[in-house]
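Chemist: Following this message is one structure expressed as structure tokens.
Rule-based calculations on the coordinates, nothing more; no lab input. Keep in mind that what you see is a predicted model, and the values were worked out from it rather than measured. Because the Cβ atoms are built from the backbone with ideal geometry, glycine has one as well, and the counts that use them run over all protein chains shown.
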Amino acid sequence: MAAVAASVIPALDQRPVKNTICLFDVDGTLTPARRTVSPEMLALLSQLRHKVAIGFVGGSDLVKQQEQLGTASVPVTSLFDFCFAENGLTAYRMGVPLASSSFIKWIGEESYQKLVKFILHYIADLEIPKKRGTFIEFRNGMINVSPIGRNASIEERNEYEKHDLEHGIRKKFVEEIKAAFPDLGLTYSIGGQISFDVFPRGWDKTYCLQHVEAEKQHGTDYTTIHFFGDKTYQGGNDYEIYEDSRTIGHTVKTPEDTAAELKKLFDL
């Protein structure tokens, strides 16, 4: 099914619905949280790609998005016209990499180490039912912080999510970091089930829109930008791009919601 989704598609300037692109969050929008995409969703995206340009924008690195959206034989960069990993700080257009940016160069080693030390001390003192491993994941454009640890199993993730919703663990954690580092110019975005992202102000998911706007130099002006995401509330990692004046935002809760909305909008 993935091979079908990566089959020959019209050139970007030859899509029937002109000057239109659909951008998708990954977890909770195209896939269940940290699970793989369904064959049905890939088939639907392939149909959509024959009408409009499509792209995903996620906070995770490209390796994780390959695991969720691609297959061993089909690279994710062939399934979407635009691949915006780490909010677009790592970006691909038609399978070709675009210019990237670096969080560590922006923040500097000294400030970075102070931030990491604070986070690890906080997690060490945190009273939660379980702790596993990989509490800070360093990415090109951000760090991802998980109180339980990214090595948690699916069952442990589900358990932690319920605990977090009840006790506001991540929300309190973010407020503590903000208070400790008021002058670093950082943004904190809660997404998925178990973690939150930390990145420079302005490096949220709206960062990818500069790549979309740059398409004018290739002859396509995307005047209609649809964005689909599940964390579109204030503080969620889809909020900024959902609220951006350049996009038409769609709130979904599951991949099934996304599919239903696409079928309605584009007569698929």
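Chemist: First measure r as the distance between the Cβ atoms of residue 127 and residue 264, then evaluate 1/(1 + (r/R0)^6) with R0 = 35 Å and state the FRET efficiency to the nearest 0.05.
Modeler: 0.15
Chemist: Under the definition of Cα pairs under 8 Å and six or more residues apart, what whole-number percent is the relative contact order of region 145-250?
Modeler: After rounding, I find 22 percent.
Chemist: Let me ask something else about it. Run the quick spin-label model on residue 253 and residue 117: label points 7 Å from Cα toward the beta carbon, then report their separation in nm to one decimal.
Modeler: The modelled label-to-label distance comes out at 4.5 nm.
Chemist: Starting with the fewest neighbours, write out 142, 94 ranked by other beta-carbon atoms found within 10 Å of each beta-carbon.
Modeler: 94, 142
Chemist: So what are the radius of gyration and Dmax for the Cα set of region 103-200, in Å?
Modeler: Cα only, region 103-200: 13.0, 38 Å (Rg, Dmax).
Chemist: Enumerate the whole-percent occupancy of each 10 Å bin, from 0 to the last occupied one, for all C-alpha pair distances of region 34-92.
Modeler: P(r) for region 34-92, in whole percents per bin: 24, 58, 18.
Chemist: For the chain, with a Gaussian network of springs between Cα atoms less than 10 Å apart, report the residue from 44, 89, 79 with the top mean-square fluctuation.
Modeler: Taking springs between Cα atoms under 10 Å, the residue moving most is 44.
Chemist: Using r as the Cβ-Cβ distance of residue 43 and residue 234, and R0 as 35 Å, what FRET efficiency do you calculate, to the nearest 0.05?
Modeler: Plugging the Cβ-Cβ distance into 1/(1 + (r/R0)^6) gives 0.55.
Chemist: Calculate for the chain the 222 nm mean residue ellipticity that helices alone would give, adding -39,500 (n - 2.57) per DSSP H run of length 4 or more and normalising by residue count, nearest 500 deg cm²/dmol.
Modeler: Helix-only estimate at 222 nm: -10000 deg cm²/dmol.
Chemist: In region 51-80, which residues have a backbone nitrogen under 19 Å from the label point lying 7 Å from residue 96's Cα in the Cα-to-Cβ direction?
Modeler: 53-56, 75-80
Chemist: Same structure, new question: Give the longest segment of the chain that steers clear of trypsin sites (Lys or Arg not before Pro) in DSSP loops with at most 11 neighbouring Cβ atoms within 10 Å, not counting the sites themselves.
Modeler: The segment 1-200 is the longest one with no such site.
Chemist: What number, in percent, do you get for the relative contact order of the chain if the mean sequence gap of Cα pairs under 8 Å and at least 6 apart is divided by its residue count?
Modeler: Normalised by residue count, the contact order of the chain is 21 percent.
Chemist: If we count other beta carbons within 10 Å of each Cβ, what is the order of 22, 208, fewest first?
Modeler: Listed from fewest to most nearby Cβ atoms, that is 208, 22.
Chemist: Over all distinct alpha-carbon pairs, what is the Kirkwood Rh of region 119-268 in angstrom?
Modeler: 17.2 Å
Chemist: Right, another one. Report, in listed order, any pair from 171/205; 105/131; 178/231; 105/205; 117/253; 18/253 with a Cα-Cα distance greater than 25 Å.
Modeler: 105/131; 117/253; 18/253
Chemist: For residue 17 and residue 179, FRET efficiency with R0 = 35 Å and r from the beta-carbon atoms, rounded to 0.05?
Modeler: Efficiency, rounded to the nearest 0.05: 0.15.
Chemist: When each pair of different Cα atoms in region 225-266 is counted once in the 1/r mean, what is the Kirkwood radius in angstroms, to one decimal?
Modeler: Computed over region 225-266, the radius equals 10.4 Å.
Chemist: Please give, to one decimal in nm, the separation of the simple spin-label points placed at residue 221 and residue 166, each 7 Å out from Cα toward the Cβ.
Modeler: Rounded to a tenth, the inter-label distance reads 5.5 nm.
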